[in-house]
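The values are calculated or read from the model by the stated rules, or taken from the named source; none is laboratory data. Because the structure is a prediction, the values reported are computed rather than measured. When we count neighbours, we look across all protein chains shown, and the Cβ atoms used for this are built from the backbone with ideal geometry, even at glycine.
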Amino acid sequence: MRIFNTDTMSTAGEANWTREGLQHLVTTKLAGRLFIVVSNREPYIHTSAGGEIQCLVPASGLTVALDPVMRSCGGVWIAHGSGNADRDVVDEKGHVSVPPDEPSYTLRRVWLTKEEEEGYYLGFSNQALWPLCHIAYTPPNFDESHWNTYRRVNQLFAGAVLDEVGDKQAIVFIQDYHLALLSRLIKAKNARVITAQFWHIPWPNPEAFRICPWGEEILDGLLGNNILGFHIGYHCENFLETVRRMLEVKIDYERSAVSRGGETTLVRSFPISVDFDRIAIDARRQEVVKEIEQIRRRWRLSDEIIGIGIDRIDYTKGIPHRFRALDKLFTKYPEYQKRLVFFQLGEPSRVHIKKYKELNAEIDDLVEEINWKYESDNWRPIIYVREHLPPTALLGFQRLADFCIVSSLHDGMNLVAKEFVSSRVDNDGVLILSRFTGAARELTEALLVNPYAIDDFAETIKRAIEMPRGERQERMRKLRQIVRQNNIYRWAGGILSELADLKL
Ligand code: GDG
């Protein structure tokens, strides 16, 4: 077991952060404090089908990234209980121990009414803040009743946090755009609580942000944190510029710190990642080998070139754009007809929102149109598997693929890109990656594309298919080195080291 010197870790490039290293940091530097994570989405969902209760891991970058951190640190994770059997497995405080196979932390579920979920989650979070922060040409919808519910639900989460904290010393690590007001609300009742917040989506430029009618309140809420994290420096710069223009603040650019009314918030970039070692171990498992055989049998594959896309079905992910690029490829280079199969995998999300309904219809139409245009008796260019797939199935596809496309129009980081790289224990496969993801800053050995430039995109797919084995392997080796080093423990370690440095 390797334990790293945490003082050198925040700047180190050489050493790898491990789960044990993170545990060491927590036990030495943050000892004696209760560690609480708060997010909207829960890491485990209990559902009941036919009288049997099942425990699912949701398709969400945030929970996938944080679960390994909580397994190392222990503590309490507070989140919305959204499964239809969630209430059946908790105690009177909404507590349940997770993960089910290896209980290592407590999940506390917060209950929301349907109306609260509609206003706070489907409404303000996902119809106002999500499109506001992603420049993907979908206008935000600012509805005052959604905003009021959003505030009320933030209060509700604050109540749950304060109840867990009691009179203990606590560190609260808040996740994402659903809970922008939380730190301010917690501190209004208990100023001793230390809070850090990570914003998992981009922060837009001030011109884009200023259209939000409640922008100042949101900025004030976020400045309640001791530390505010974004994926990349560019999002930090946008945030600092936004507060400079909208609030009376003092900004120390040297320290990247905002001061206001005697309080200081450090604004830092912490690129999120995945549990590289765990994915690499899982990718080698016999179940994955069996899964690959099953995929081949089920879809009657022989020696076709296989491409994949894995996404939560969202309009920021550029799914229609990648289909149009494939269409262009088949027209321009008909020799690839009958030779290439593209699997689009992933789960529909936020399906009650009109924009998402429209996106699902657009995707269905495009798949149908392209398949109709090119298909033959026993070949279809695009196979769309629109369902929640278990991790082993995803690993099977990742290992089978010759190339993986991530074509986001704008993305905070994008974990699919990093998961694909981690799964390629054979050092093979090509990653085609949108320049507009946070991941593109690190994964420079991927083939970078502008998903809006359909002709170039099609050429990039051709380049991926025709890339000589030596080049593929060299690129993949470099990519793997980067993700191995910049793994999820480094992300969490970076944030927790900053917290420890606050001289609590
Ligand atoms: C936000 C930011 C940032 C997808 N389908 C299935 C499934 N997935 C998993 C993927 C991946 C996750 O969902 C998606 O993560 P992303 O990072 O790509 O995207 P968001 O959900 O939009 O996440 C993003 C992230 O937060 C973390 O900070 O990177 O920029 O938008 O893990 O594998 N998982 C399973 N079945 C599926 O069908 N099991």
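A few remarks follow.
- Flag for residue 229 being part of a loop (DSSP other than H, G, I, E, B), more than 30 Å from residue 425 (Cα to Cα) and touching a residue at least 12 places away in the same chain (Cβ under 8 Å): no
- Among the residues of the range 155-176, the ones that are surrounded by fewer than 22 Cβ atoms within 10 Å (Cβ to Cβ) and at negative phi come to 11 in all.
- Every pair of residues 6+ apart whose Cβ atoms lie under 6 Å, when the first sits in the range 476-504 and is at positive phi while the second is among the small types (Gly, Ala, Ser) and part of a helix (DSSP H, G or I): none
- For the range 413-428, filtering for residues that are among the polar types (S, T, N, Q), more than 9 Å from the ligand (Cβ to nearest atom) and in contact with a strand residue (DSSP E or B) (Cβ under 8 Å, 6 or more places away or on another chain) leaves 0.
- If you filter the range 375-392 down to residues that are in contact with a strand residue (DSSP E or B) (Cβ under 9 Å, 6 or more places away or on another chain) and not in a loop (DSSP other than H, G, I, E, B), you find that the one that is nearest to the ligand (Cβ to nearest atom) is 385.
- Against the criterion of being modelled with pLDDT of 95 or more, farther than 24 Å from residue 77 by Cα and not in a strand (DSSP E or B), residue 219 qualifies.
- Screening the range 393-412 for residues that are closer than 29 Å to residue 335 by Cβ and in a strand (DSSP E or B) and picking the one that is farthest from the ligand (Cβ to nearest atom) gives 403.
- Residues satisfying the stated conditions in the range 289-323, i.e. in contact (Cβ under 8 Å) with a residue 24 or more places away in the chain, in a helix (DSSP H, G or I) and among the β-branched types (Val, Ile, Thr): 292, 295, 316, 319
- Some residue of the range 192-214 being among the charged types (D, E, K, R) and under 21 Å from residue 355 (Cβ atoms): no
- Restricting the range 437-457 to residues that are hydrophobic (A, V, I, L, M, F, W, C), crowded, with 24+ Cβ neighbours inside 10 Å and within 14 Å of the ligand (Cβ to nearest atom) leaves a set whose member that is nearest to residue 136 (Cα to Cα) is 439.
Per-residue answers, yes or no, for (1) assigned by TED's automatic domain parsing to the domain that holds residue 196; (2) among the aromatic types (Phe, Trp, Tyr); (3) under 19 Å from residue 111 (Cα atoms); (4) buried (at least 21 other Cβ atoms within 10 Å of the Cβ):
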site	(1), (2), (3), (4)
23	yes, no, no, no
27	yes, no, no, no
31	yes, no, no, no
34	yes, no, no, no
39	yes, no, yes, yes
48	yes, no, yes, no
51	yes, no, no, no
58	yes, no, yes, no
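- Under the condition of being within 16 Å of the ligand (Cβ to nearest atom) and within 30 Å of residue 221 (Cα to Cα), the residues counted in the range 255-306 number 7.
- Within the range 225-234, not a single residue is surrounded by fewer than 20 Cβ atoms within 10 Å (Cβ to Cβ), closer than 28 Å to residue 111 by Cβ and out of contact with any strand residue (DSSP E or B) (no Cβ under 7 Å at 6 or more places or on another chain).
- Unmet criterion (only one of (1) within 16 Å of the ligand (Cβ to nearest atom); (2) surrounded by 20 or more Cβ atoms within 10 Å (Cβ to Cβ)) for residue 150: (1)
- Taken as a whole, the structure places residue 346 among residues that are among the small types (Gly, Ala, Ser), at positive phi and within 14 Å of the ligand (Cβ to nearest atom).
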